[in-house]
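Structure first, commentary second.
The values are calculated or read from the model by the stated rules, or taken from the named source; none is laboratory data. Everything numeric here is computed off the predicted structure, so don't read it as measured data. Here the Cβ positions follow ideal geometry from the backbone for every residue, glycine too, while neighbour counts run over all protein chains shown.
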Amino acid sequence: MSIEVTAVRKTFGDFVAVDGVTFAVRDGSLTALLGPSGSGKSTLLRLIAGLEAPDAGRVVIGGADRTDTPARNRDVGFVFQHYAPFKHMTVRDNVGFGLRIRKVPRDRIRARVAELLELVHLEGYADRYPSQLSGGQRQRMALARALAVEPRVLLLDEPFGALDATVRKELRAWLRRLHDEVHVTTIFVTHDQEEAMEVAEQIVVMNEGRIEQIGTPRDVYERPASEFVMGFVGPVTRVGDAAVRPHDLDVRTTPAAGAVEAMIERVVHLGFEVRLELVTGDGLPISAQITRQAAEELELRNGQIVYVRPNRLLRAVA
Amino acid sequence: MDGGLSGFWQAVSGPEARSALELTFLISLIVVAINALAGTLIAWVLVRDRFRGMGTVNAVIDLPFALPTIVAGLTLLALYGPRSPVRIDVSYARVGVAMALLFVTLPFVVRAVQPVLMELDRDMEDAAVSLGASGRQVFARIVLPNILPAILSGIALAFARAIGEFGSVVLISGNLPFKTEVASVFIFGRIESDNVTAAAAVSVVLLVASLLMLAAIGAAARWGGRHEL
Amino acid sequence: MSSSTLPSRAPGGSKLVLRMGALGYLGLILLGPVGLVFYRTFEHGLAAAWNSVTTPDAQHAFWLTVELVAISVPLNTIFGIAAATAIVRHRFPGRRLFDSLLDLPFAVSPVVVGLAIVLVYGRKGWFGTWLADHGIQVIFSVPGMVLATIFVSLPFVVREVIPVLREIGTEQEEAATTLGASPFTTFRRITLPAIRWGVVYGVVLTTARALGEFGAVSVVSGHVAGQTETLTLHVQDRFEAFDLTGAYAASVVLALLAIATLASMTLLRRRGAPA
């Protein structure tokens, strides 16, 4: 199911959460809504789900205008940041909830629940309670629960935010694979740009209730539409007047044309890369990132003078 | 205790004692059931609704806790007794006793349910809605199971209070033996007439019931916490 | 953005029905009766009401009530803080039993409390002969009423302080100890200020309960007007003497004290104290 959001606006009292947002996603796509806290991305997601009603604008799902349809009739699967498990029900009853509401016959529910638990690798846990599951397991249960009723659209609100780093990485990859298998139109909300870039086919960057840019991960990273996108989606450093990504800097120990002179304040070994914290003669900071090999070849130390030249400039492409 | 076990049994199974106990338990049960429903409704409105004067209403709920029982009894008699301005006279009748107990036990279920309702994860209800549940289904399948332990806790405390209530009942009921005499009034009467054995016997029954209610509250709390994340 | 304090998304009509139902029930059961008592008190004029409330018996009853409150509240406060500290911060055999027993005054009928006191301290009671030999009169006099009042208002401070103690945890106290504070200093400068709102709530509730006690003191007092009658007993006394104005007037005094209690609770809650 494709989704079209047109001129949608939502305020809470004086606070404008979503300010005239328009965008569309293709059927079967995997889209990220990326932005800082308070950017309106979660509100937008809830508006699409029908959990909030817009003050203005339309929400069209699969060609049908659903703006006035209540959430329970929109056939939308929703996964919450803190999983929202029905803590008084077993995993089996959780996953089967939507089917029970629809009065699906019991044996069909049992079959479908078993199928889904296998899909999310929770086969042996059917009779456990959410309190007996880890965070990652609860989230997988929540996904199974949302998918049980075969929704036309799957919405996830910061689904991995409450998990620790390793589990988060696993579940990201797993979500991508799941989407390849199940092909439901999926939108997920995140404030983590690495997550958005890794998982999504298309990223919608939001800030203060408005859309800053829509594009593929590469578009958004290499051709940011505004200063905000530039700074939010990846690291930025300034050399002279130009904005550059720290890893697009050439660092030499000998002067070169167009290179800026700077002193190394600190060499930080990040394992796979080396970050150099530099300061120019005017006292302006520059952050450069080079490979470990390059750092070894240059034999860099604190206090050393180096010459820095951008090899690819970053400019906001309006 | 003079008289020993057989004296105890005799005192407790005497017709007036038995009638007082039966009346007490029956009316308390009915009253507590009504206030369980009303209390849950009031708690729901206080937590989920928003209107002017809500803070005052919330404070007023505690009135039966703060008001001396004898004053409560007098006020109920004024409104629902012989000189009632609304022409309702339930004095000297069981309904009068019930009204007094309704007043006195009103806050228990409300105050037990309120904090639990406030802590309830709204995401669970949203999740149920997104899965297709109607408002009524969300309440019955999601909210109610999670507030049930609190409701039961409130019921147990209200019941313990109701069976022992004295001050608010003693004026409106008229204390007619076999008709409107509740256990606490029976006990009081027996103390006055120096029949301490009978008083003690019925007291023991009330005490045992109270202790059972306390145990029930503890059990409800443990039962309620069993699925906590 | 979801929070349990946001208004529910029920359709407007059913929300109104629920609200009206709840308010209607409250009006019927709570507000109607109390409003009427105020009306009845001043029905025969302000002067009549004032006179009933200032008779010697009424005044004695008032001061006796004040005396009982003045004794039981401080005692129960000290006991409450000590018991709460013991239950939350220390382990001792029978701790859980002690904790449960503290709920007893909530659950036991006041007349049973009175009876228990009579059985223990009365003439034919366990300590009866010992007390009589020493010329100490407990039942039918003020000491018995003090005991009754203390018992029924016992748990409030404990019950308010325990959750506060649990919530603040031991970290601050541990920090104070590592900085060299003695246990007493830690208690005075760290613990006590941290629990002060719990204590204040507890004191307000204890006072209200002590003021309003009727059943237990009724059994224990002997009802001698002008000597062993509290204000609550005075209300009943006037009622039985068919002096309705007197009864209502005394009730109004008590009701005003109750409303003052409720108001202080609300104001304290608003002061940002975690309830």
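Quick check on my filter: what residues within segment A:117-161 are aliphatic (A, V, I, L, M) and farther than 27 Å from A:Asp192 by Cβ?
A:Leu117, A:Ala126, A:Ala148, A:Val149
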Worksheet item: Does A:Asp127 satisfy being surrounded by fewer than 22 Cβ atoms within 10 Å (Cβ to Cβ) and either within 24 Å of A:Arg26 (Cβ to Cβ) or basic (Lys, Arg) (or both)?
Response: no
By my count, strands (runs of 3 or more DSSP E) wholly in segment A:246-318 with at least 2 residues that are over 22 Å from A:Val233 (Cβ atoms) and hydrophobic (A, V, I, L, M, F, W, C) are A:260-269, A:273-280, A:305-310
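Residue by residue, here is whether (1) in contact with a Pro (Cβ under 8 Å, 6 or more places away or on another chain); (2) at pLDDT below 95; (3) within 25 Å of A:Thr190 (Cα to Cα) holds:
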site	(1), (2), (3)
A:Lys103	no, yes, no
A:Val113	no, no, no
A:Val120	no, yes, yes
A:Glu123	no, yes, no
A:Gly136	no, yes, yes
A:Gln139	yes, yes, yes
A:Leu147	no, yes, yes
A:Pro151	no, yes, yes
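Per-residue answers, yes or no, for (1) in contact (Cβ under 8 Å) with a residue 40 or more places away in the chain; (2) among the aromatic types (Phe, Trp, Tyr); (3) within 12 Å of chain C (Cβ to nearest Cβ); (4) closer than 15 Å to B:Val205 by Cβ:
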| position | (1), (2), (3), (4) |
| --- | --- |
| B:Pro145 | no, no, no, no |
| B:Pro149 | yes, no, no, no |
| B:Ala158 | yes, no, yes, no |
| B:Ala162 | yes, no, yes, yes |
| B:Gly167 | yes, no, yes, no |
| B:Ile172 | yes, no, yes, no |
| B:Val185 | yes, no, yes, yes |
By residue number, the members of segment A:2-34 that are assigned to a loop (DSSP other than H, G, I, E, B) and either in contact with a Ser or Thr (Cβ under 8 Å, 6 or more places away or on another chain) or modelled with pLDDT of 95 or more (or both) are A:Ser2, A:Arg26, A:Asp27, A:Gly28, A:Ser29
Any residue at all in segment C:198-207 that is more than 10 Å from every other protein chain (Cβ to nearest Cβ) and out of contact with any helix residue (DSSP H, G or I) (no Cβ under 8 Å at 6 or more places or on another chain)? no
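This table checks each residue for (1) aliphatic (A, V, I, L, M); (2) surrounded by 23 or more Cβ atoms within 10 Å (Cβ to Cβ); (3) at positive phi; (4) in a helix (DSSP H, G or I).
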| position | (1), (2), (3), (4) |
| --- | --- |
| C:Pro143 | no, no, no, yes |
| C:Val146 | yes, no, no, yes |
| C:Val158 | yes, yes, no, yes |
| C:Glu167 | no, no, no, yes |
| C:Glu174 | no, no, no, yes |
| C:Thr186 | no, no, no, yes |
| C:Trp197 | no, no, no, yes |
| C:Val203 | yes, no, no, yes |
From the option list B:Ala59, B:Ala38, single residue qualifying as in contact with a Phe, Trp or Tyr (Cβ under 6 Å, 6 or more places away or on another chain) and either under 21 Å from C:Met265 (Cβ atoms) or at the interface with chain C (Cβ under 8 Å from one of its Cβ atoms) (or both) is B:Ala38
Per the filter on segment C:124-141, residues within 11 Å of C:Val220 (Cβ to Cβ) and surrounded by fewer than 20 Cβ atoms within 10 Å (Cβ to Cβ) are C:Phe140, C:Ser141
Flagged in segment A:145-184 as surrounded by fewer than 23 Cβ atoms within 10 Å (Cβ to Cβ), more than 19 Å from the chain's Cα centre (by Cα) and small (Gly, Ala, Ser), in numbering order, are none
Residue hits (segment B:172-229; under 30 Å from B:Pro82 (Cβ atoms) and either in contact with a Cys (Cβ under 9 Å, 6 or more places away or on another chain) or among the aromatic types (Phe, Trp, Tyr) (or both)) are B:Phe178, B:Phe186, B:Phe188
- Message: Can you say whether B:Phe108 is among the aromatic types (Phe, Trp, Tyr), within 21 Å of B:Leu26 (Cβ to Cβ), touching a residue at least 12 places away in the same chain (Cβ under 8 Å) and in contact with a Gly (Cβ under 8 Å, 6 or more places away or on another chain), as far as the supplied structure shows?
- Response: yes
Condition (residue is surrounded by fewer than 17 Cβ atoms within 10 Å (Cβ to Cβ) and in a loop (DSSP other than H, G, I, E, B)) applied to segment C:251-263: is it met by at least one residue? no
Counting only residues in segment B:71-97 that are surrounded by fewer than 21 Cβ atoms within 10 Å (Cβ to Cβ) and at pLDDT 80 or above, the one nearest to the other protein chains (Cβ to nearest Cβ) is identified as B:Val95
By residue number, the members of segment A:84-102 that are at the interface with chain B (Cβ under 8 Å from one of its Cβ atoms) and either over 19 Å from A:Gln137 (Cβ atoms) or of a type outside the set (A, V, I, L, M, F, W, C) (or both) are A:Pro85, A:Lys87, A:His88, A:Gly98, A:Ile101, A:Arg102
